[in-house]
Each structure stands twice: as structure tokens, then as C-alpha cells.
Amino acid sequence: MAENKLHFLDDFPAISTQEWMDKITADLKGADFNKKLVWRTTEGFNVMPFYRAENLEGLQTTASAPGEFPFVRGNKGDNSWMVRQDIRTSDAAAANAKAKELVRKGVDSIGFKLDKKELSADYISILLDGLDASKVELNFKVCLRKCAELASLLVSYFKGTGAGLSSLKLSIECDPLSKMLVKGKDLSNETITGIISETVRNAAGIPSMEVVGVNAECLANAGAYCSQELGYALAWGAQYMTWLTDAGFTADEAARRIKFNFGIGGNYFMEIAKFRAARLLWSKIVEAYGIGDKDSAKMAIHATTSTFNMTTFDAYVNLLRTQTEAMSAAIAGVDSMTVLPFDLSYKASDDFSERLARNQQLLLREEAHFDKVVDPSAGSYYIENLTSMLAGEAWKIFLSVDAAGGFFKAVVDGSVQDAMEAVSQKRKSDVATRREVYVGTNQFPNFTEKAEDKIETQACSCKCGCGDDEKTSIKTLPKDRAASEFEALRLETEKSGKTPKVFMLTIGNLAMRLARSQFSCNFFACAGCQVIDNIGFETVESGVEAAQKAGADVIVLCSSDDEYAQYAPEAFKAVAGRQLFVVAGAPACMEDLQKQGIENFIHVKVNVLETLKSFNSKLLKK
């Protein structure tokens with residue numbers, strides 16, 4: 001019996017790609033394959049509906065092992081990552097106590113946002129007391145003008161503790177270019193070179209400390225697509241490499257001091273591909289600078305979940321968004337990660353929301369065991385091709401920036417900011433038309449939710465006072481979240497003191513009237529209206545009469561296209577201008593109905609945001 005083996009594959013002969021295509025073409029019954037099944041991504045390339053082993057031929061992404069150059073499969077032989085949480089440190093002793101508490105709760109990477117006025121040797125000693133930097137990564141953010149001083153203080157402190165300096169896990173986010181992009185600071189080439197060079201020199205005593213940051217996260221939070229964030233991040237990092245090597249540092253010294261901070265968007269598989277492509281392309285760039293050690297080409301990556309995707313209404317959905325974002329970054333093998341609290345868009349986070357954010361990563365690591373398998377996406381026909389295509393698009397952006405004079409020039413002349421403004425507007429337009437769906441905001445809203453009372457006014461997130469005396473003539477990145485315009489619309493309704501009542505006049509074909517009433521309820525609830533749904537009416541007159549008794553401000557006729565030719569004129573006449581009259585759908589008879597004076601139609605092709613704004617302008621004045 002032991003010699004009797006089952007050979008399942010023998011019963012399933014190999015099917016060629018052409019045979020698959022022939023079958024798909026037949027099933028499409030004359031429809032265009034490219035229009036029906038090929039996805040044109042926002043990244044600028046097409047994605048096929050299926051991939052096969054032959055699609056892996058010639059791809060660079062499959063030619064290396066984890067921990068080996070060009071590091072597409074990760075920087076190390078395992079998939080461990082550090083769970084990070086940031087602390088603002090106005091009081092060093094309180095921040096130290098909180099850091100120790102976080103370590104006990106599973107955090108192994110702490111981010112300190114330092115107060116520049118308090119910076120001193122005593123301040124650092126109190127802040128870091130009892131924290132083992134060989135086991136817990138310590139990250140610091142401070143005023144640009146204080147970065148070099150901070151580096152010196154950290155070297156002195158850790159030398160004084162007798163710690164093994166080569167084993168320490170430390171970083172300083174010294175990133176003048178992000179200050180220009182986010183705050184508009186007009187910094188010169190010489191100023192930036194001086195700041196980063198002095199910081200790197202002062203950090204020489206701790207060879208493992210990364211002190212120059214590439215904060216591409218700010219691009220993601222401005223709405224950047226993956227290829228844009230990656231392409232600009234590469235040009236950003238290359239600019240720092242050029243400045244440092246021109247200042248006399250070796251390519252190895254420069255590369256080992258740079259740390260990348262990426263955002264994580266909601267495009268799950270594309271984000272996995274982004275991080276894999278990032279390591280591949282960065283290794284190639286660093287190699288071109290003439291490194292002597294291949295390990296210098298490793299891209300140190302910290303990833304943070306997106307603020308661009310967060311919503312204030314139905315905020316618990318943010319937990320789902322950040323969870324899938326965290327999953328994609330973990331699968332892609334980032335070095336450390338911050339999951340932002342779900343309530344960040346409208347208030348200062350509390351212990352509850354911070355705990356949930358920590359546990360989202362801990363569940364992935366300790367219970368789902370995402371850290372046990374290195375690059376689990378490797379070999380996936382789809383993801384390997386996504387990685388290669390995304391790398392190609394990002395490389396084009398990198399080359400275009402380089403050819404135009406480098407990233408610093410692109411920031412000064414505003415071309416980066418213009419590109420981000422364009423994509424931000426495009427994405428907000430897609431949200432307005434529901435091409436991008438944000439559950440709870442522009443689709444399937446919580447009908448009864450009120451948000452005005454929970455929103456806290458927040459001061460500027462950066463209180464370091466950095467560069468208060470410097471010019472701010474540089475154009476800045478857009479700051480709006482994707483959902484901000486819908487939220488403003490709904491808050492307008494809340495603040496008006498009037499909640500418009502929208503009545504569903506359902507009549508005729510059962511399936512169509514129910515489907516259209518559901519669509520219409522969701523549609524108007526996005527503006528904070530009170531919707532009154534109904535099973536159905538026998539006559540138009542009875543429906544209009546019920547709407548009058550309910551005190552409706554809007555009557556939405558919900559029926560089938562064929563029946564609108566009869567019902568819409570009858571209902572419009574019966575309403576007689578007492579309410580705003582709306583037809584749910586875009587029937588073939590729409591032009592005839594418009595000639596009879598019916599102006600308002602809602603359907604899947606309308607701009608939801610602009611339509612609701614138009615309705616609000618009429619309803620809230622009554």
C-alpha cells in the first residue's frame with residue numbers, strides 16, 4: 001500500500017494561456033476583454049485579470065533571497081518588525097514613565113517628540129533612564145536646529161551608561177526637506193547641508209544610529225499614489241546621499257544614516273508591492289554611489305498608517321482601514337510600524353484608542369504569526385508583477401526629478417507640491433463621485449450619528465517652534481483628508497439646527513422601488529438628513545399625502561424606469577412645489593420629464609457631493 005501513490009495532477013492536463021484566453025473571450029460574448037477585465041490602475045499601468053508562471057520570467061524580484069542584495073525580499077532572514085508608539089515629551093519624567101509602561105504592554109519601539117527648550121544632558125538622562133536601547137528602539141524628533149546637539153547628547157549618554165554602542169537601536173528624524181514641504185520653510189541648500197552634515201558627524205560615536213530622515217509619509221497623507229510616494233522618496237533619499245557624499249562622507253556612511261518613513265495606504269496588494277519595490281530600487285541607487293559593503297544598501301523602513309484615509313463619522317471603521325494597512329506593511333517586511341489611533345482625526349487620542357492601536361499590531365504578530373514567515377507574498381504571480389510594474393513607474397518619477405535638477409529643486413519650484421495638489425484633488429473628486437468609497441462617510445453612513453460634539457479643536461501637531469524666525473515662502477503640501485468635504489457637508493447640516501426630512505415615495509415594481517429607496521436613503525444620509533423609508537404605496541396621491549403628514553422637506557420618487565413616465569409627472573403635479581421633488585434613477589424618459597419641469601435626478605453617475613451641496617443650499621435656508 002505504501003507504494004501506491006496518488007497523482008492528482010495527472011488527471012488535470014496543463015492548460016495554456018491561449019486556451020484560457022479563448023475560453024474568456026467566448027464567455028465575454030463579444031465584449032471587449034481590455035475594457036471589461038483589464039484594470040487601469042491609478043499608478044499608471046494595467047493589471048491583467050490573471051497571471052501565470054510565465055509572467056515571472058525575467059523579473060528581478062524573484063532572483064534573490066531574504067536578507068540578500070537587492071533586498072526586495074527584506075533586509076533580514078525573518079519577518080520580525082518593531083511595534084512603535086510615539087510620546088510627546090514636555091515632561092521628561094512623565095514621558096519616561098509612559099515609555100516603560102508601553103514596553104511592558106508589548107511596544108518595542110518608542111518615538112519621542114522632544115521639547116527643544118528642555119533639551120539638555122539632564123533631560124536626556126531622565127527621559128531614557130531604565131530604557132534598554134539594545135532591546136527597545138528609541139526614535140527622536142526635535143527642532144532641526146537641535147538635531148546635531150541631540151546626536152551629541154545621545155552619544156555622550158550611552159557612552160556613559162557603558163552600553164555596547166554597536167547594538168543600540170536609535171534614530172533621529174533630521175529631515176529639513178519635509179520641513180519645507182509641510183511647513184513651507186525656505187531653507188537654502190547650504191543650510192540643509194550644514195544641518196545634516198553636523199548631525200551625522202556628531203552621531204559618529206554610535207555607528208548604528210540613523211539620523212537623516214526621509215519622511216515620505218507626508219506625501220501619502222497628502223493623497224499620493226504608491227508610485228508617487230515611492231518615486232519622490234527615492235529622489236528625496238538620493239538628494240541626501242548627494243549632499244552627504246559631497247560633504248566628505250563615504251557612500252557607506254551616508255547610506256547607513258538614512259531612514260525612510262513611509263505611509264501605508266488602503267490599496268492592500270499595491271502597498272505590499274510598494275515596500276518590496278522600495279528596497280529593490282534604493283539598493284540600486286545606493287550601489288551607484290559606490291558603496292563598499294552591500295549591507296549599506298539596505299533601506300531602513302518605518303511605516304505609519306494613513307491619516308488621509310481616516311474619517312470622523314463612523315470612526316470605528318478606521319480600525320478596519322488601519323488593520324488592513326498594517327497587514328500589508330507587515331507582509332511586505334517593514335522594520336517598524338506605527339498604527340495610528342482610530343480617533344486621531346477629531347481628538348487627542350486617549351488610553352483606550354492607543355491601546356487598540358497597539359493591539360492591532362500585537363494581534364498580527366503574536367496571534368496571527370505574521371512575523372514567522374519571511375516575505376509570504378514571494379512567488380505570487382500577481383504581487384511579483386505588481387512589484388515590478390510599480391518599480392517601473394516609480395523609477396520614471398525618480399529619473400524625471402533627477403533630470404530636472406534633483407529633489408531640492410523640485411521642492412523649491414513647487415513641482416512636487418503641484419503634483420500632490422493635483423492628485424489630492426483627483427482623489428477628492430473620486431470620493432465625491434464614489435469612485436473611492438469611504439464606508440460611513442460617502443457610502444452606507446450611520447443615519448443617526450452626530451459628530452459635532454465629539455470633535456476637539458486641535459493645535460498644530462508640531463509644537464517645537466522650529467524655524468519660527470525663518471521665511472515660509474515655499475508652497476506646502478495639501479492637508480485635507482479624503483473625507484473632509486463630506487464631513488464638512490454633514491457638519492453643516494448639524495450646525496444649522498435643522499435636519500431636513502427626506503421621504504421615500506416608493507411605488508410600482510417591488511424590486512426596483514426597494515433598491516432605489518435604499519440607494520436614496522444612503523445618498524441623503526451622507527448629508528445628515530433624516531430619511532423616512534416606506535415599503536410602498538398603492539397610488540401616487542397616497543404617497544404624497546403621507547409625505548405631507550410626515551413633514552417632509554424632500555420627496556424622492558422610487559420606482560422603475562418604465563413606470564417613471566407615468567408616476568413622475570403625477571407625483572410632481574401632486575407635490576406642487578411644496579417639497580423638493582427628486583426622481584431616483586436616470587430613466588430613458590428623463591429628457592421628457594425635464595421638459596415638464598422635473599429638475600432633480602439622483603443616480604450612480606451623479607457627483608454625490610455637489611448634488612448634496614446643492615440640496616443643502618436650498619433646504620437649510622427654509
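Of all residues in the stretch 488-509, those being in contact with a strand residue (DSSP E or B) (Cβ under 8 Å, 6 or more places away or on another chain) and either exposed (fewer than 15 other Cβ atoms within 10 Å of the Cβ) or within 9 Å of LEU620 (Cα to Cα) (or both) number 2. Can you name the condition, by its number, that ALA394 falls short on among (1) over 30 Å from ASP186 (Cβ atoms); (2) of a type outside the set (S, T, N, Q); (3) open to solvent by less than 50 Å² (accessible area, probe 1.4 Å)? Checking ALA394 against (1) over 30 Å from ASP186 (Cβ atoms); (2) of a type outside the set (S, T, N, Q); (3) open to solvent by less than 50 Å² (accessible area, probe 1.4 Å), the one that fails is (1). For the stretch 60-73, a residue qualifies if it is modelled with pLDDT under 95 and within 18 Å of PHE269 (Cα to Cα), and the qualifying residues are THR61, THR62. Yes or no: PHE313 farther than 30 Å from TYR381 by Cα, surrounded by 20 or more Cβ atoms within 10 Å (Cβ to Cβ) and aromatic (Phe, Trp, Tyr)? Considered against the rule, which asks whether it is farther than 30 Å from TYR381 by Cα, surrounded by 20 or more Cβ atoms within 10 Å (Cβ to Cβ) and aromatic (Phe, Trp, Tyr), PHE313 comes out as yes. Comparison of PHE601, PHE615, PHE581 shows that the only residue that is open to solvent by less than 70 Å² (accessible area, probe 1.4 Å), free of Cβ contacts under 8 Å to residues at least 24 places away in the same chain and within 16 Å of VAL502 (Cα to Cα) is PHE601. Listed by first and then second residue, the pairs linking a residue in the stretch 96-107 that is more than 17 Å from TYR123 (Cβ to Cβ) and modelled with pLDDT of 95 or more to a residue that is open to solvent by less than 60 Å² (accessible area, probe 1.4 Å) and in a helix (DSSP H, G or I), with Cβ atoms under 6 Å apart and 6 or more places separating them unless they lie on different chains, are GLY106/LEU362.
In summary, ASP371 fulfils each of the numbered conditions (1) closer than 30 Å to GLU494 by Cα; (2) open to solvent by 10 Å² or more (accessible area, probe 1.4 Å) with the single exception of condition (1). In this structure, ARG490 qualifies as among the basic types (Lys, Arg), closer than 15 Å to ALA451 by Cβ and either out of contact with any helix residue (DSSP H, G or I) (no Cβ under 7 Å at 6 or more places or on another chain) or at pLDDT 95 or above (or both).
Each residue in the stretch 438-450 was checked for being assigned to a loop (DSSP other than H, G, I, E, B) and open to solvent by less than 80 Å² (accessible area, probe 1.4 Å), and 7 pass.
One residue stands out in the stretch 31-82 among those that are part of a helix (DSSP H, G or I) and among the hydroxyl-bearing types (Ser, Thr, Tyr): the one that is most open to solvent (accessible area, probe 1.4 Å), namely THR62. Restricting attention to the stretch 14-30, the residues that are of a type in the set (Lys, Arg) and either exposed (fewer than 11 other Cβ atoms within 10 Å of the Cβ) or not in a helix (DSSP H, G or I) (or both) total 1. One residue stands out among those in the stretch 286-299 that are buried (at least 20 other Cβ atoms within 10 Å of the Cβ) and closer than 19 Å to GLY231 by Cβ: the one that is nearest to the chain's Cα centre (by Cα), which is MET299.
Quick check, is PHE158 modelled with pLDDT of 95 or more and within 23 Å of PHE262 (Cβ to Cβ)? For PHE158, the condition - modelled with pLDDT of 95 or more and within 23 Å of PHE262 (Cβ to Cβ) - is not met. Between residues in the stretch 262-275 that are closer than 13 Å to SER388 by Cβ and without any contact (Cβ under 8 Å) to a residue 24 or more places away in the chain and residues that are in a strand (DSSP E or B) and polar (S, T, N, Q), which pairs lie under 8 Å by C-beta distance while being six or more apart or on different chains? Qualifying pairs under 8 Å: none. When only residues in the stretch 466-482 that are surrounded by 13 or more Cβ atoms within 10 Å (Cβ to Cβ) and under 20 Å from CYS147 (Cα atoms) count, which is modelled with the highest pLDDT? Among those that are surrounded by 13 or more Cβ atoms within 10 Å (Cβ to Cβ) and under 20 Å from CYS147 (Cα atoms), it is GLU470.
Close contacts from the stretch 403-419, counting a first residue that is open to solvent by 50 Å² or more (accessible area, probe 1.4 Å) and a second that is outside any helix (DSSP H, G or I), with Cβ to Cβ under 8 Å and a gap of 6+ residues or different chains, come to VAL412/ILE474; SER415/ALA404; ASP418/LYS475.
The values are calculated or read from the model by the stated rules, or taken from the named source; none is laboratory data. Since the structure is predicted, the reported quantities are computational estimates derived from the model, not experimental observations. All Cβ positions, even for glycine, are placed from backbone atoms using ideal geometry, and neighbour counts span all protein chains on display. The protein model used for the area step is the full one, side chains on, heavy atoms only, and it has no ligands, DNA or RNA in it. Shrake-Rupley method; radii C 1.70, N 1.55, O 1.52, S 1.80 Å.
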